[in-house]
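Since the structure comes first, as structure tokens, the remarks are kept for the end.
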Amino acid sequence: MKHAIPSLERMQLQFSALSHPGVVRQHNEDACHADAQGRFFMVADGMGGYSGGERASQLTVAIMALYLETYWAQTQTPAEVIQRAIVRANEHLLTEQVQNPVIKDMGTTVVVLALGGGQQGWFCHVGDSRLYRLRGNHLEQLTQDHTWVAQAIEAGGLSPMQARSHPWRHLLTQCLGRDDLEPVAVHSLTLEPGDCYLLCSDGLTEEVLDWQIAATLRLMRSPEWAAQTLIDAACKRGGRDNITALVVQVPKDEVSGDS
């Protein structure tokens, strides 16, 4: 079964999110959120078994969405609001673990894109869910995975190709649902006409290479078409994990300016 957030419009900003359980798994432990006003976008990939992983990802996007919607226009800076939203979600997961020992090992990744007025944007992540940006013909991975293999690549002990098949490639160094969560870095970005952003879980990037992601986004017919095309490609290549793709497209002729 597929779960979709229909394409929405904020001024000229277009976005769409699709989530699919994949070919192998019966349940979907991914969760995603697109704010109706086009301000906040999130993808979370839960872990800890079916009940725990699903609960962790859904609770995380719900808590963060509520916090962002409540405090976004307050006196805190956008980065502070995002950081506190993540802390609040982590606190809720820890409380759930204590109250329900059956899901004491639950946790989740999360990647967040938040857009303000004009050309301003912010993003952050915990874990290996990713944010990509296609600008012109260039695809850039804006987030760096919090995984053992990512650290090994950075240290020069592993190549990106070796990392794709390494048995420890799913070993996270950071995730929500842990009392040792490190402070989360929030990065700013500037929107440009024609930009396309992709938030996704590793169920997509495990199956679909970056050049294939770039080719799909370059052929953009609509965000919904791009999200569906990426999910279909991941399923055809094995679909071994849950797959979520959230695509945000900035129009080529202008950048929306209302917050």
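The values are calculated or read from the model by the stated rules, or taken from the named source; none is laboratory data. Since the model is a prediction, treat every value here as computed from it, not as a measurement. We place every Cβ from the backbone using ideal geometry, glycine too, and count neighbours over all the protein chains shown. The protein model used for the area step is the full one, side chains on, heavy atoms only, and it has no ligands, DNA or RNA in it. Shrake-Rupley method; radii C 1.70, N 1.55, O 1.52, S 1.80 Å.
Here are the numbers for the structure shown:
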| quantity | calculated |
| --- | --- |
| Members of the stretch 212-225 found to be open to solvent by 10 Å² or more (accessible area, probe 1.4 Å) and closer than 15 Å to residue 136 by Cβ, listed by number | 215, 218, 219, 220 |
| Unmet requirement for residue 61, which otherwise passes all of (1) open to solvent by 30 Å² or more (accessible area, probe 1.4 Å); (2) of a type in the set (Val, Ile, Thr); (3) modelled with pLDDT of 95 or more | (1) |
| Residue match in the stretch 22-31 (condition: open to solvent by 40 Å² or more (accessible area, probe 1.4 Å) and touching a helix residue (DSSP H, G or I) at 6+ places or on another chain (Cβ under 8 Å)) | yes |
| Members of the stretch 119-142 that are out of contact with any Cys (no Cβ under 6 Å at 6 or more places or on another chain), in a loop (DSSP other than H, G, I, E, B) and buried (at least 20 other Cβ atoms within 10 Å of the Cβ) | 128, 129 |
| Counted residues, the stretch 68-102 - those being in a helix (DSSP H, G or I) and open to solvent by 10 Å² or more (accessible area, probe 1.4 Å) | 21 |
| Unique match (being free of Cβ contacts under 8 Å to residues at least 12 places away in the same chain and not hydroxyl-bearing (Ser, Thr, Tyr)) among 69, 154 | 154 |
| Hey, residue 188 in contact with a strand residue (DSSP E or B) (Cβ under 6 Å, 6 or more places away or on another chain), over 26 Å from residue 49 (Cβ atoms), of a type in the set (Ser, Thr, Tyr) and surrounded by fewer than 19 Cβ atoms within 10 Å (Cβ to Cβ) or not | yes |
| Tally, over the stretch 42-52, of residues that are open to solvent by less than 60 Å² (accessible area, probe 1.4 Å) and either modelled with pLDDT under 95 or more than 18 Å from residue 203 (Cα to Cα) (or both) | 4 |
| Where residue 65 falls short, out of the listed (1) assigned to a helix (DSSP H, G or I); (2) under 17 Å from residue 108 (Cβ atoms); (3) aliphatic (A, V, I, L, M); (4) in contact with a Ser or Thr (Cβ under 8 Å, 6 or more places away or on another chain) | (4) |
